[in-house]
1. Using a cut-off of 14 Å between beta-carbons, work out the net charge of the residues near residue 160 (Lys and Arg +1, Asp and Glu -1, residue 160 not included).
2. Between residue 143 and residue 43, what length in nm is gained on full extension when 0.36 nm per residue of separation is reduced by their alpha carbon distance?
3. Pop the C-beta distance of residue 158 and residue 72 into the FRET formula with R0 = 35 Å and round what comes out to the nearest 0.05.
4. Please compute the volume of the convex hull spanned by the alpha-carbon atoms of the stretch 38-132 and report it per residue in Å³.
5. Keeping all protein chains in place and using 1.4 angstrom, which order do 159, 66, 40 fall into by accessible surface area, from largest down?
6. What full-extension length gain, to one decimal in nm, is calculated for residue 123 and residue 80 as 0.36 nm per residue of separation minus the Cα-Cα distance?
7. How much net charge surrounds residue 44 when only the other residues with a Cβ under 15 Å from the Cβ of residue 44 are counted, with Lys and Arg +1 and Asp and Glu -1?
8. Based on the inverse mean of 1/r over its pairs of different Cα atoms, what is the Kirkwood hydrodynamic radius of the stretch 119-163, in Å?
Amino acid sequence: MKQMTMFAQHVCSMLGGAFFLGAFVLALAAIPSGASAFTFTTIDVPGATLTNAIGINAHGQIVGGFADAGGASHGFLLEEETFTTIDVPGATSTGAFGINNRGQISGFYSDVSGGQHGFLLDKGSFGTIDIPGAIRTDANGINNRGQIVGGFTDSGGAFHGFLATP
């Protein structure tokens with residue numbers, strides 16, 4: 001079995017494997033039998049060994065993460081059938097989690113020392129999002145007002161949610 005990438009580990013730690021599976025089964029059971037069927041489209045970054053689509057906006061732009069053949073984790077933007085890789089400069093791994101209708105993207109990255117930080121990608125520029133005193137920050141979603149939600153780990157190891165407002 002291939003080693004799980006930082007991106008996959010991050011997703012699993014955020015969702016909790018058993019919780020996610022249980023919630024998925026419950027969600028399927030909650031769909032009425034007369035409900036409209038979904039149409040599914042597979043999303044695979046070319047050459048990737050793992051692709052996970054996580055966020056979508058009203059324009060149909062999709063963000064997520066992928067692992068390349070070497071096992072490195074990257075973020076991606078899928079827009080009109082074109083993939084763009086998202087890598088925070090100097091990061092060892094990157095994952096994109098949210099995108100708003102202005103095209104602002106939120107996510108996380110790991111640095112060379114193993115620290116994890118949130119990021120905001122806005123008009124081609126990356127900004128780091130770190131909660132003061134946190135040892136880890138994840139920027140998971142962003143709305144059209146630029147508010148970002150996520151979670152952070154404090155120095156005592158407890159995980160908390162946050163809302164950051166510009």
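1. -2
2. Working: separation 100, 0.36 × 100 = 36.00 nm, distance 2.33 nm.
Contour length minus Cα-Cα distance gives 33.7 nm.
3. Details: r = 30 Å, r/R0 = 0.86.
Given R0 = 35 Å and the Cβ-Cβ separation, E is 0.70.
4. Expressed per residue, the convex hull around the Cα atoms of the stretch 38-132 is 111 Å³.
5. 40, 159, 66
6. Working: separation 43, 0.36 × 43 = 15.48 nm, distance 1.80 nm.
Here the segment from residue 123 to residue 80 would lengthen by 13.7 nm.
7. Values: positive: none; negative: 68, 81.
That works out to -2.
8. Numbers: mean 1/r = 0.0900 Å⁻¹.
Result for the stretch 119-163, one decimal place: 11.1 Å.
The values are calculated or read from the model by the stated rules, or taken from the named source; none is laboratory data. None of the values given here were measured: they were computed from a predicted structure. Because the Cβ atoms are built from the backbone with ideal geometry, glycine has one as well, and the counts that use them run over all protein chains shown. To get the accessible areas, we keep the full protein, side chains included, count just its heavy atoms, and leave off ligands, DNA and RNA. Shrake-Rupley method; radii C 1.70, N 1.55, O 1.52, S 1.80 Å.
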